[in-house]
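Down below is the structure, laid out as structure tokens.
The values are calculated or read from the model by the stated rules, or taken from the named source; none is laboratory data. Just so we're clear, the structure is a prediction, and the values are computed from it rather than from any experiment. Neighbour counts run over all protein chains shown; Cβ positions are idealised from the backbone, glycine included. Surface accessibility is based on the protein's heavy atoms, side chains included, excluding ligands, DNA and RNA. Shrake-Rupley method; radii C 1.70, N 1.55, O 1.52, S 1.80 Å.
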Amino acid sequence: MILILAKFSFVMIFGYYVITALQWFSYKINRVIFHYTKPMWHIYFIILPLILISVFDSIIYQISITILYLIATIFWAYKLDKRVVITARVKRFFAFLVVGFGLFSFCPYSGIWLFHTLFSLVFALVFSAISEKIIAIWYKNKALTKLKSMPNLKIILVTASFGKTSIKNFIYDIASEELKTHKTPRSVNTLLGIIRDINDNLRSDCELYIVEAGARLRGDIDEIAKFINPQIVVIGQIGGAHLEYFGSIDEIRAAKLEALNSNKLQNIIAHSSTNLASQAIIYDELVSGVKSTLDGLWFDMSLDGVKRHFKANLLGEFNSYNLVAAILAARAAGVKNINLDSVKSVEHRLQKIEAGGKIIIDDSFNGNLNGMISSYKLVSEFNGRKILLTPGIVEGGDGVNSELSKVINDIFDIVVITSALNESELKRYLNKPEVFVLVDKAKMNEFLASHTMSGDLILFSNDAPSFI
């Protein structure tokens, strides 16, 4: 019984690591295998345990290895800032894992831990995938029925390499003044997430639904566009975000342009980088006179052939372009009066906080080169000490962090690199500021308490969870 319990525990621990990695990467096995940013973790928690349990086949060794595996996994999970969320899908995975373990127990080779572990895992993955497919089809049909029951609902689809969440939120803030408006929550931008939002949150009396669409593969946005059939599509700036998945800017552009695959499409609002000049309103060409300071944002835009002046309580020059895209989308949806007083800064995107005599700028959800450089230039006008905390750019291609390093060097007094992933590139041109490497987030508060003082400005620029 002790040996069976040890083997069962080993399989469950193994499954815990696998399902955690899958949840991080949207349950895409190919991404966990080929695009995992901490490959050494696979060695520590998959390959090494399987090798040890196969080589040392005595009962004492196997029980000892299981205990060590459990301790190592608990310590690893404790240090994570993004642990597995125990969803219904995760519960179903573990249920299939238990069933797989039980079935293989009747096999003649059940005494071989390697075979027992791998069979249990493969069984759980296969039947979990089948069950999720069946459940997804049911929920998809339910959401489709709901959309068909709302023939007067206007839908805006927003996609971009950068800024799509901001544009979505800005449209909502503007349009909700006149229309019953709903938006996909937080950064929900996959088909399954949108289906869940429609079923759970979209009210039957809603007049305008704003949907954010993201992509890691060709066809992701195509599925969303064909499912919701938006009348209005906003395609923001195309850039190098997720370049590692698509391989080129042209492929990224092609993926974003899948948003146009709607049979109800009426209005296209696009950034000049989409190359849609002949088919769309190019919103960034309508912007002029931009002024951005730590006190707010001012800009002019051409609206209905007339130059209009706007002010917003937002930070960052790039937000003027996001606002113009939002204004045009709201107008296309039927909003008559454009009021930016209700537009709020998006959480973790150039949020200004004042605490303890320090100015804190939370830009931790900004992970692209242009946006990050823009935020650095914004804080450059500050007269006191400037402290930067950043992991650099995680998904931006070769050389972007070196380019970032040049800008950082001219502006900041203290630079804290919060991920080893880009450490060497970020340090390349840093010779003026004092540089620290702090990859353990648990020590961040302690570091800031001892290295900052009243009158400092602290900028959190991008963020990377520990699995990145």
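Average projected area of the Cα convex hull of region 121-218, in nm²?
Quarter of the Cα hull surface area: 7.5 nm².
Compute the signed sum of charges (Lys and Arg +1, Asp and Glu -1) over the other residues within less than 15 Å, Cβ to Cβ, of residue 290.
-1
Skipping prolines and chain starts, which residues have an amide H placed within reach, meaning under 5 Å, of the one on residue 296, given they are 5 or more residues away or on another chain?
Residues meeting the criterion, in which the H sits 1.01 Å from N, do not exist here.
Just to check I understand the Karplus step: with θ = phi - 60° and J = 6.51 cos²θ - 1.76 cosθ + 1.60, what whole-Hz values come out for region 301-316, glycine and proline as x?
Using θ = phi - 60°, the values come out as 9, 8, 10, 6, x, 10, 6, 10, 9, 10, 10, 9, 7, 10, 10, x Hz.
Which far-off residues, 5 or more places away or on another chain, put their amide H under 5 Å from the one on residue 155, with H placed in the peptide plane?
Under 5 Å from the amide H of residue 155: 209, 231, 232.
When only DSSP loop residues count, what trypsin sites (Lys or Arg not before Pro) in region 210-267 have their Cβ near at most 16 other Cβ atoms within 10 Å?
Listed in order of number, the matching sites are 218, 264.
So what is the calculated 222 nm ellipticity per residue for the chain, using -39500 (n - 2.57) for each DSSP H run with n of 4 or more, over all residues, to the nearest 500 deg cm²/dmol?
My calculation for the chain gives -14000 deg cm²/dmol from helical runs alone.
Return the equivalent ellipsoid semi-axes of region 372-464 as a descending list in whole Å, where each equals the square root of 5 times an eigenvalue of the C-alpha gyration tensor.
Over the Cα atoms of region 372-464, the semi-axes work out to 19, 16, 11 Å.
Would you mind classifying the chain by shape? Square roots of the alpha carbon gyration tensor eigenvalues, ordered a ≥ b ≥ c; an a/c under 1.5 is rounded, otherwise it is prolate if a/b is larger than b/c and oblate if not.
oblate
What percentage of the solvent-accessible surface of the chain, computed with a 1.4 Å probe over protein heavy atoms, is contributed by carbon and sulfur atoms?
57
Let me have the relative contact order for the chain, percent, based on Cα pairs under 8 Å that are six or more residues apart.
This gives 11 percent for the chain.
Stick to the Cα atoms of region 30-181, pair each with every other, and give me the Kirkwood hydrodynamic radius in Å at one decimal.
20.2 Å is the Kirkwood radius here.
To the nearest 10 Å², what's residue 200's accessible area with a 1.4 Å probe?
100
Rounding to the nearest 10 and keeping the result within 0 to 90°, find how far the Cα-based axis of helix 400-411 lies from the longest principal axis of the chain.
Helix 400-411 sits roughly 60 degrees off the main axis of the chain.
What pairs from 91/140; 352/441; 140/336; 133/256; 28/256 go past 27 Å between their alpha carbons?
As for pairs spanning more than 27 Å Cα to Cα, those are 140/336.
Out of residues 5 or more away from residue 316 or on other chains, whose amide H comes under 5 Å of its own, with H placed 1.01 Å from N in the peptide plane?
Residues meeting the criterion, in which the H sits 1.01 Å from N, are 293.
Rounded to whole Hz and in sequence order, give me ³J(HN,Hα) for region 159-169 from the Karplus expression 6.51 cos²θ - 1.76 cosθ + 1.60, θ = phi - 60°, writing x for Gly and Pro.
9, 4, 6, 10, x, 5, 5, 5, 4, 4, 5
If you add up the charges near residue 131, with Lys and Arg at +1 and Asp and Glu at -1, over every other residue whose beta carbon is less than 15 angstrom from its beta carbon, what do you get?
The answer is +4.
Can you give the angle from 0 to 90° between the axis of helix 2-24 and the longest principal axis of the chain, with both taken from C-alpha atoms, to the nearest 10?
Orientation of helix 2-24: about 20 degrees from the principal axis.
Using Cα centres only, tell me the gap between region 177-246 and region 384-444 in whole Å.
33
Could you give me the ³J(HN,Hα) list for region 443-458, computed from phi with Karplus coefficients 6.51, -1.76, 1.60 and θ = phi - 60°, whole Hz, x at Gly and Pro?
Each residue's phi maps through the Karplus curve to give 9, 5, 4, 4, 5, 5, 5, 8, 10, 10, 8, 4, x, 8, 10, 10 Hz.
Using protein chains only and a probe of 1.4 angstrom, how many square angstrom of residue 347 are accessible, to the nearest 10?
Roughly 120 Å² of residue 347 is accessible to a 1.4 Å probe.
Longer than 23 Å from Cα to Cα, which of 7/38; 142/183; 38/377 are they? Say none if no pair is.
7/38; 38/377
Local charge sum around residue 175 (other residues, Cβ-Cβ under 12 Å, Lys/Arg +1, Asp/Glu -1)?
Net charge in that neighbourhood comes out at +2.
Have a look at the DSSP beta bridges in the chain and tell me what percent are antiparallel, nearest 5.
35
Can you grab the distance from the C-alpha centre of region 259-278 to the C-alpha centre of region 51-121, Å, no decimals?
Region 259-278 and region 51-121 have Cα centres spaced 49 Å from each other.
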